[in-house]
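Structure first, then comments.
The values are calculated or read from the model by the stated rules, or taken from the named source; none is laboratory data. Here the structure is a predicted model, which means the values were calculated and not measured. Cβ atoms come from the backbone with ideal geometry, glycine included; neighbour counts cover every protein chain shown. Surface areas here come from the heavy atoms of the whole protein model, side chains and all, with no ligands, DNA or RNA. Shrake-Rupley method; radii C 1.70, N 1.55, O 1.52, S 1.80 Å.
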Amino acid sequence: MVQKLEFLPRLESLRGLAAVSVVGYHAFGRFTDTYVTGMAPVVLFFVLSGFVLSRSLARNDDIAVFVRHRILRLFPAAIAVVLLLAALHEAFGFHLGFEPDFAPFNVMLNALMIRHDINGPMWSMTVECFATPVIILAFLGGRRFGLRVLIAAIAVLFGLSFIGPYVHLLGGYTNLAPLYAFVLGVALHFSGHRLVEGIGGQQMAAAVVAGVVFLYCGLQKQTAPIILLEACSSGLLVALIAFGGLGERGLRWLDQPVIGFYGRISYSFYLFHMVGLSVAVRISAIDGWPLLSILLSIVIGVLLTTPMAWISWRFIEEPFIAISRKWHGRRREVFTTT
């Protein structure tokens, strides 16, 4: 089946909602003793990455171009936030969580996303980098051998998610348990349309069930089965948005400009949100009023993070994306001329 591989703004909006929700998870953890960690939005990010990057590879399967796009997409903004935190620590002693080592070598390792002790949530970006060859191999395998090889890979990786040394293989805060979520996203690229066709006229009900399951799992302790449910419910939502016919009835709210805005800046928002939230927590803490403190810190955290994320998106992300596209365009022109 030939798919239309155009940009899907509703998936970007979904990613924006997930990025903003991470502020809520982390604000909740600042004022309560909880096992809720905010893994669910990250699992959704991973499924989306597998799906969207498969579409990118379907448009152009030049691996060198793909890797260059990933480097220029991920690293500039990540480097910027690490350098900002290093500068804030040097000037004001500011840091996130436990004070990390701000020696130049450790700053470099954090900027390259090899370590993530300066900005803890960047552990997921370490996993994203680790998953890049996994996504490439899954796409090539799925294209060559079909869905069965992807299901087998998901099963193997899910089995490994019960093994502690594998889960913490990359060290620090990293968690490889949801690595199969990337492969699930790849599988949806190839077979998501068949899944949605099988659901038929019950797409709205399926979307509601998937949303409820996702939200429920996001509030539970993150065991291997719970993470699997998060990945599956995320995958169903992604498939319904990409291939479904919900249209005006079900997903119109994802077309709201403000949600689309947070979708566009979602990557930088995720990178910078702990800076905004850390300041917000200091402002919002009210003794004896934990719920009010949480709500205030979420609102103020989002308000403080938004301009930082927009600046990073506008002046770091967009220029480097443009450089990557221009570089690719020049190479194509040279080859065409030759």
- line: Of I136, I154, I71, the only residue that is within 30 Å of W327 (Cβ to Cβ) and without any contact (Cβ under 8 Å) to a residue 40 or more places away in the chain is I71
message: For the condition at pLDDT 95 or above and β-branched (V, I, T), what is the one hit in T305, T337?
response: T305
- request: Quick one: in region 77-87, of everything that is open to solvent by 40 Å² or more (accessible area, probe 1.4 Å) and free of Cβ contacts under 8 Å to residues at least 40 places away in the same chain, which residue is nearest to F315 (Cα to Cα)?
  value: I79
query: What residue, of R264, R194, R252, is in contact (Cβ under 8 Å) with a residue 60 or more places away in the chain and open to solvent by 60 Å² or more (accessible area, probe 1.4 Å)?
result: R264
task: Could you tell me which of the residues S278, S297, S293 is in contact (Cβ under 8 Å) with a residue 12 or more places away in the chain and out of contact with any helix residue (DSSP H, G or I) (no Cβ under 8 Å at 6 or more places or on another chain)?
output: S278
statement: In the set L246, L188, L219, the lone residue that is over 30 Å from F145 (Cα atoms) and under 19 Å from the mean Cα position of the chain (by Cα) is L219
query: When only residues in region 95-131 that are farther than 13 Å from G172 by Cβ, without any contact (Cβ under 8 Å) to a residue 24 or more places away in the chain and part of a loop (DSSP other than H, G, I, E, B) count, which is most open to solvent (accessible area, probe 1.4 Å)?
result: E99
- request: Those residues that are closer than 17 Å to V20 by Cβ and surrounded by 18 or more Cβ atoms within 10 Å (Cβ to Cβ), I need them from region 285-302; list them, please.
  value: I294, L296, S297, I298, I300, G301, V302
message: For region 56-72, give me the residue count where each residue is closer than 24 Å to A111 by Cβ and surrounded by 17 or more Cβ atoms within 10 Å (Cβ to Cβ).
response: 5
task: Identify the residue in region 1-53 that is basic (K, R) and part of a helix (DSSP H, G or I) and, among all such residues, is surrounded by the most Cβ atoms within 10 Å (Cβ to Cβ).
output: R15
message: Where the second residue is basic (K, R) and modelled with pLDDT of 95 or more and the first is part of a helix (DSSP H, G or I) and lies in region 303-314, which pairs have Cβ atoms under 7 Å and are six or more apart or on separate chains?
response: W313/R264
